[in-house]
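Peer 1: My structure is below; once you've seen it, I'll send some questions.
The values are calculated or read from the model by the stated rules, or taken from the named source; none is laboratory data. Since the structure is predicted, the reported quantities are computational estimates derived from the model, not experimental observations. We place every Cβ from the backbone using ideal geometry, glycine too, and count neighbours over all the protein chains shown.
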């Protein structure tokens, strides 16, 4: 059994539940930017999560040159699903590349004067916990807009 693949499958199923919740919203509410969330919308948070996977795993870990994912990349939940299908492919490529080498570190630059040695395990952990952090914000925004969310805790198999 590959623990990380199984774990990510749970994450994907939980994300799908969140997408179904977002489909109960009007398209206008999905993209509505709320001042109480620093001008973010549910769509913008989804984009931010997908872009985090792209930057940390695709660009920094795998060294791939990938286009930035921007808010205008998707206006509907279905378009966001398409973005996350590509994100899933990227994550599986990352898992295959670093399988059995989770302590492998890479030098990551954060600008001219800041860098760190970061392990593959840290990168994986950072990206998936980051997604769950923003999942909570998405649910909170949905509540503020009047939509009652389902239980979005990690879905069991």
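Peer 1: Looking at (1) at pLDDT below 95; (2) more than 17 Å from residue 55 (Cβ to Cβ); (3) within 19 Å of the chain's Cα centre (by Cα), find the lone condition where residue 85 falls short.
Peer 2: Only one criterion in (1) at pLDDT below 95; (2) more than 17 Å from residue 55 (Cβ to Cβ); (3) within 19 Å of the chain's Cα centre (by Cα) is unmet by residue 85, namely (1).
Peer 1: Pull out all pairs, ordered by first then second residue, where Cβ-Cβ is under 6 Å, the residues are six or more apart or on different chains, the first lies in the stretch 1-14 and is on the phi > 0 side of the Ramachandran plot and modelled with pLDDT under 90, and the second is surrounded by 14 or more Cβ atoms within 10 Å (Cβ to Cβ) and assigned to a loop (DSSP other than H, G, I, E, B).
Peer 2: Listed pairs, sorted by first residue: none to list.
Peer 1: Okay, next question. Only one of 66, 34 is more than 15 Å from residue 84 (Cβ to Cβ) and surrounded by 14 or more Cβ atoms within 10 Å (Cβ to Cβ). Can you tell me which?
Peer 2: Exactly one of 66, 34 is more than 15 Å from residue 84 (Cβ to Cβ) and surrounded by 14 or more Cβ atoms within 10 Å (Cβ to Cβ), namely 34.
Peer 1: Would you point out the residue of the stretch 73-85, among those that are in contact with a helix residue (DSSP H, G or I) (Cβ under 8 Å, 6 or more places away or on another chain) and not in a loop (DSSP other than H, G, I, E, B), that is surrounded by the fewest Cβ atoms within 10 Å (Cβ to Cβ)?
Peer 2: Across the stretch 73-85, the extreme among qualifying residues is 79.
Peer 1: Filter the stretch 45-63 down to residues that are in contact with a helix residue (DSSP H, G or I) (Cβ under 8 Å, 6 or more places away or on another chain) and free of Cβ contacts under 8 Å to residues at least 40 places away in the same chain and give me whichever is farthest from residue 81 (Cα to Cα).
Peer 2: Among them, the one singled out is 62.
Peer 1: Of all residues being touching a strand residue (DSSP E or B) at 6+ places or on another chain (Cβ under 9 Å) and either loosely packed, with under 11 Cβ neighbours inside 10 Å or assigned to a helix (DSSP H, G or I) (or both) in the stretch 102-124, which is modelled with the lowest pLDDT? Just the residue, please.
Peer 2: Applying the filter and picking the extreme gives 110.
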